[in-house]
Each structure stands twice: as C-alpha cells, then as structure tokens.
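Q: Sharing a structure, written as structure tokens. Questions coming.
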Amino acid sequence: MESLKAPKILKVYQLMKMSTKNGLNFSASGVIPPGSNYVGAGIYTTLQEAEHNRTLEMLRDTDEAYNSYHVFELEFPNPAYRE
C-alpha cells in the first residue's frame, strides 16, 4: 500500500457579488457551510458548495435587479507538493 501523493495544484471556488446600485462594486459573498472547513469569505472547497451558496444568495437578495453573483475557479500551487 502506498500513500496518496499531494496534488500539484489546489482548486478553490470564489463566490463574488457584483452590485450596480451605487456604481460598480464587487464583494465576496456567501456563508460558511456547516460541517465544512472554513477557507475564507466566499471561498468554497467544491464547486457544488459554491453553486449551492450562489442559489441561497440569489433567493434572499432583495435588490436582485442590481445584483448578480458569479463563481470563479481559482488555482494555487500546492506547497505540500513534491516531485
């Protein structure tokens, strides 16, 4: 049996809110999902979590005519990766 190798790249998903009500504003959006590891404001470890929270944000948004929500995939080099 061999241990799993660390991946070369780590992927996270950022949920951003774009508002055009008072100019153009971008902000991190979303909540900390229960039972998951907290990564940062609006950052999720899976695309499914990010999409789920985008849906929740859209449902509770009272200014939906001015706001839109976008999910971005971010890639970072894994500091634990060794060739």
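The values are calculated or read from the model by the stated rules, or taken from the named source; none is laboratory data. Here the structure is a predicted model, which means the values were calculated and not measured. Here the Cβ is made from the backbone with ideal geometry for all residues, glycine too, and neighbour counts use every protein chain on show.
Q: Across the range 1-59, what is the number of residues that are more than 30 Å from ARG82 (Cα to Cα), modelled with pLDDT under 85 and β-branched (Val, Ile, Thr)?
A: Looking only at that region, the number is 2.
Q: Does VAL31 satisfy being among the β-branched types (Val, Ile, Thr), at negative phi and part of a strand (DSSP E or B)? Break it down into steps so the answer makes sense when it comes.
A: Details: among the β-branched types (Val, Ile, Thr): yes; at negative phi: yes; part of a strand (DSSP E or B): no.
When the stated conditions are applied, VAL31 does not pass them.
Q: Output yes when any residue across the range 38-52 is aliphatic (A, V, I, L, M) and in a helix (DSSP H, G or I), and no when none is.
A: Scanning the range 38-52 turns up at least one residue that is aliphatic (A, V, I, L, M) and in a helix (DSSP H, G or I).
Q: Looking only at the range 39-73, how many residues end up being under 23 Å from LEU4 (Cα atoms) and among the aliphatic types (A, V, I, L, M)? Lay out the reasoning, then the answer.
A: Narrowing the range 39-73 to residues under 23 Å from LEU4 (Cα atoms): 39, 44-47.
Still in the list and also among the aliphatic types (A, V, I, L, M): 39, 47.
Here the count works out to 2.
Q: Could you look through the range 40-79, keep only residues that are closer than 23 Å to THR20 by Cα and among the polar types (S, T, N, Q), and pick out the one that is surrounded by the fewest Cβ atoms within 10 Å (Cβ to Cβ)?
A: Top of the filtered list is THR62.
Q: Taking only pairs six or more apart or across chains, which ones have beta-carbon atoms under 8 Å, a first residue in the range 4-19 that is touching a residue at least 12 places away in the same chain (Cβ under 8 Å) and within 9 Å of GLY42 (Cα to Cα), and a second residue that is aromatic (Phe, Trp, Tyr) and surrounded by fewer than 15 Cβ atoms within 10 Å (Cβ to Cβ)?
A: Filtered contacts from the range 4-19: TYR13/PHE72; GLN14/PHE72; MET16/PHE26; MET16/PHE72.
Q: Something else: Of all residues being within 12 Å of the chain's Cα centre (by Cα) and outside any helix (DSSP H, G or I) in the range 53-74, which is farthest from VAL12 (Cα to Cα)? Just the residue, please. Quick ask: steps written out before the conclusion?
A: Residues of the range 53-74 that are within 12 Å of the chain's Cα centre (by Cα), as a first pass: 53-54, 69-74.
Going one step further and asking which of them are outside any helix (DSSP H, G or I), we end up with 69-74.
Working: TYR69: 16, HIS70: 14, VAL71: 10, PHE72: 8, GLU73: 6, LEU74: 5 Å.
Looking at residues that are within 12 Å of the chain's Cα centre (by Cα) and outside any helix (DSSP H, G or I), I get TYR69.
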